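All remarks here apply to the structure that follows.
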Amino acid sequence: MALLMETRLLLRKVKDLRCLTQKRHRVKEKWAATRIKHPATGLALQNFDSTYSVQLGPLWPSVRAALLSEKKYGALLNNYGHDDVQAELQAKGCKDFPSDIETEAQPCLEQEPEVAGEEESSRVSVNKSDLDAQQLPALQLSPNIKCLVFPRGDITRFKPARPDMLGCLGYYLMDAASVLPCLALNVQEGHNVLDLCAAPGGKTLALLQTKSIGFFGVNDASVSRTTRLRKVLHSYVPKPLLSGEKLRITTFDGTKWGEKEKNTFDRVLVDVPCTTDRHSLMEDDNNIFSKNRTGERRRLPQLQLDLLLAGIEAACPGGEILYSTCTLSQIQNLSVVEQAIHTAREDHGIQLQVVDLRPLTHMFRKTFDFAPDLPLGEMVVPHLAANFGPIYMCKLRRLT
């Protein structure tokens, strides 16, 4: 017993000696070496809770639950493949959502888009309620794009695609909502098309499925992302098409594209970098909400504006521009489009029309959930029964 007491006293004295040890020689416990105190995913969720709860109101709890759940995929069919993949997937219960459209009680199909006039302020919006009574021509979609999805509420996963006899994979797995901007772009025979921020390549591949493009400019500012884009295209598209004169892949600063090629393209897709809400909530790696990327995140709206303005300049008069993101943020969506319309008019003398995409939301409301009453553009919001998105899109038509 005496020995035990002496041992305890000795240990207490050893602990007391720490106060005599210089701070630089003290050793801290290493409990934090493998555990991040404030992970980026947690910071993202805090940001979204404070922002989207106000923006979306009572819709946010259901959207939040969907964002934190496993997302649902669609299978973009590869028209360059030779296997009958579509029949195989349909036998499993899939449907091709671009052909499975709602046709009853369709509202006005295309807005005679609003023009930003001299008397308008920098804030441009479309009052959709004033347009409900108008009957206008049908909204045309890009042809030949097929994307199969499982029905609402069915969370069956797709198996990895298999290569055919020529080595082309049968389908590309992606968020089915990401196909909507490609459909809305309305690529027609012989059009010159620019995909300004193309990587990782899903939307580029979707546009190639139209087989209607006269010339296709594919660009991304990142060398590593462009390398990934090339790998995707080589897995799905025959080599002669990739090496032909009708397709050009570049690594160029998209914000300066207006200096490179003005008034050139019939269709321009501007799928800008954004906070990628779903990724930000699920993955800590390469997360825009990491503390060392705070400055980059704050610069996103300006980058998005510069890219959209470059896309507007690249389009020819009469051409159409499709702006899209994968975030719910109004600052990165609505605000960027409004500022681009104003800046294009004031600084570049370019008049733009806003094309109403409500017909698109009506056609595909059986497959996707859309945010109600957006003043400008349309947005797919995640829902547990149809866990696609988020995808925001706004279509502009250049007049001058």
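Of note:
- Test: Ile321 is buried (at least 19 other Cβ atoms within 10 Å of the Cβ) and in a strand (DSSP E or B): yes
- Scan of the stretch 353-371 for residues that are open to solvent by 10 Å² or more (accessible area, probe 1.4 Å), more than 18 Å from Asp154 (Cβ to Cβ) and either in a helix (DSSP H, G or I) or of a type in the set (Lys, Arg) (or both), ordered by number: Arg358, Thr361, His362, Met363
Residues are listed down the side, and each one gets a yes or a no for (1) outside any loop (DSSP other than H, G, I, E, B); (2) at pLDDT below 55; (3) open to solvent by less than 50 Å² (accessible area, probe 1.4 Å); (4) basic (Lys, Arg):
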{"position": "Thr34", "(1), (2), (3), (4)": "no, no, no, no"}
{"position": "Leu43", "(1), (2), (3), (4)": "yes, no, yes, no"}
{"position": "Leu56", "(1), (2), (3), (4)": "yes, no, yes, no"}
{"position": "Ala66", "(1), (2), (3), (4)": "yes, no, yes, no"}
{"position": "Lys71", "(1), (2), (3), (4)": "no, no, no, yes"}
{"position": "Asp83", "(1), (2), (3), (4)": "no, no, no, no"}
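- Count of residues meeting criterion [more than 24 Å from Val268 (Cα to Cα), open to solvent by 10 Å² or more (accessible area, probe 1.4 Å) and in a loop (DSSP other than H, G, I, E, B)] in the stretch 372-400: 4
- Selection within the stretch 332-352 - open to solvent by less than 20 Å² (accessible area, probe 1.4 Å) and under 12 Å from Leu399 (Cβ atoms): Ile341, Ala344, Arg345, Ile350, Leu352
- Yes/no for Ser222 being under 22 Å from Gln332 (Cα atoms) and of a type in the set (Gly, Ala, Ser): yes
- The residues of the stretch 271-294 that are open to solvent by 30 Å² or more (accessible area, probe 1.4 Å) and in a helix (DSSP H, G or I), listed by number, are His279, Met282, Lys291, Asn292, Arg293, Thr294.
- Cross-chain or 6+ apart pairs with Cβ under 7 Å, the stretch 376-395 first and free of Cβ contacts under 8 Å to residues at least 40 places away in the same chain and within 22 Å of Val336 (Cβ to Cβ), then assigned to a loop (DSSP other than H, G, I, E, B) and open to solvent by less than 10 Å² (accessible area, probe 1.4 Å): Glu378/Leu357
- Residue list for the stretch 87-97, filter: closer than 19 Å to Pro143 by Cα and crowded, with 17+ Cβ neighbours inside 10 Å: Asp96, Phe97
- Of the residues making up the stretch 241-260, one or more are in contact (Cβ under 8 Å) with a residue 60 or more places away in the chain, open to solvent by less than 50 Å² (accessible area, probe 1.4 Å) and farther than 30 Å from Gly167 by Cα.
- Any hit, the stretch 217-228, residues being basic (Lys, Arg), without any contact (Cβ under 8 Å) to a residue 60 or more places away in the chain and open to solvent by 30 Å² or more (accessible area, probe 1.4 Å): yes
The values are calculated or read from the model by the stated rules, or taken from the named source; none is laboratory data. Quick caveat: nothing in here was measured; it's all calculated off a predicted structure. Positions of Cβ are generated from backbone atoms using ideal geometry, with glycine treated the same way; all protein chains shown enter the neighbour counts. In case anyone asks, the SASA skips ligands and DNA or RNA and just uses the protein heavy atoms, side chains included. Shrake-Rupley method; radii C 1.70, N 1.55, O 1.52, S 1.80 Å.
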